[in-house]
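The values are calculated or read from the model by the stated rules, or taken from the named source; none is laboratory data. Predicted model only: the values in this text are computed from it and were never measured. Glycine gets a Cβ as well: all are built from the backbone with ideal geometry, and neighbour counts include every protein chain shown.
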Amino acid sequence: MNNEQKALKKEYQQGHTPMGVFQIRNLVNEKMLVGSALNLPGIFNRHKFELQMGGHKNRQLQAEWNEFGADKFAFEILDELTPVSDPQHDYREDLMHLEDLWLEKLQPYGEQGYNEPKKTKEQRLQMIAENRMAAALAETE
């Protein structure tokens, strides 16, 4: 391997994978699914694979993909995070906040999209409490 190839390999290894907020947009009815990922190319590949195989977890998106076809959907980056100099930085919380901003802006729920509204902190705590009570009841029976 010559010096130029070594330099290119090193640059590639030190480069960052694009991370941020994305949407899968139905070009027929403009419905969208908004999400975020640490690896945007990877999440696009995953969604495309699941949709092509007929096993996407979002049943409404899958049904419309089957109805309209792959060419009627656009995979788009809405916002990208810029890497910081700290190699130990955890971007998950940054992504969560950025995604929340885009969900608030676009409101991709119901007739406008494929997202389910996020549960509030109180709703999540209530769900945890109910699950624990059910588990405790099952243990006593």
For the stretch 73-80, state whether one or more residues are charged (D, E, K, R), in a helix (DSSP H, G or I) and out of contact with any Pro (no Cβ under 6 Å at 6 or more places or on another chain).
no
Would you confirm whether or not the stretch 116-135 contains a residue that is touching a residue at least 12 places away in the same chain (Cβ under 8 Å), of a type in the set (Asp, Glu) and surrounded by fewer than 11 Cβ atoms within 10 Å (Cβ to Cβ)?
no
Can you find a residue that is of a type in the set (Phe, Trp, Tyr), in a helix (DSSP H, G or I) and touching a Ser or Thr at 6+ places or on another chain (Cβ under 9 Å) anywhere in the stretch 52-70?
no
Suppose the filter is within 20 Å of Arg25 (Cβ to Cβ), aliphatic (A, V, I, L, M) and under 26 Å from the mean Cα position of the chain (by Cα); does Leu125 pass it?
no
Restricting to the stretch 26-39, count the residues that are within 10 Å of the chain's Cα centre (by Cα) and either aliphatic (A, V, I, L, M) or farther than 24 Å from Pro117 by Cβ (or both).
5
List the residue pairs whose Cβ atoms are under 7 Å apart, where the first residue sits in the stretch 73-92 and is among the hydroxyl-bearing types (Ser, Thr, Tyr) and at pLDDT 90 or above, the second is in a loop (DSSP other than H, G, I, E, B) and surrounded by 14 or more Cβ atoms within 10 Å (Cβ to Cβ), and the two are 6 or more positions apart or on different chains.
Tyr91/Met19; Tyr91/Leu38; Tyr91/Leu81
If I go through the stretch 101-141 residue by residue, how many of them are part of a helix (DSSP H, G or I), at pLDDT 90 or above and not hydrophobic (A, V, I, L, M, F, W, C)?
5
Given the condition among the basic types (Lys, Arg) and under 28 Å from His16 (Cα atoms), answer yes or no: does some residue in the stretch 92-105 qualify?
yes
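Residues checked against (1) under 12 Å from the mean Cα position of the chain (by Cα); (2) of a type in the set (Asp, Glu); (3) not in a helix (DSSP H, G or I):
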| residue | (1), (2), (3) |
| --- | --- |
| Ile24 | yes, no, yes |
| Pro41 | yes, no, no |
| Asp86 | no, yes, yes |
| Glu99 | yes, yes, no |
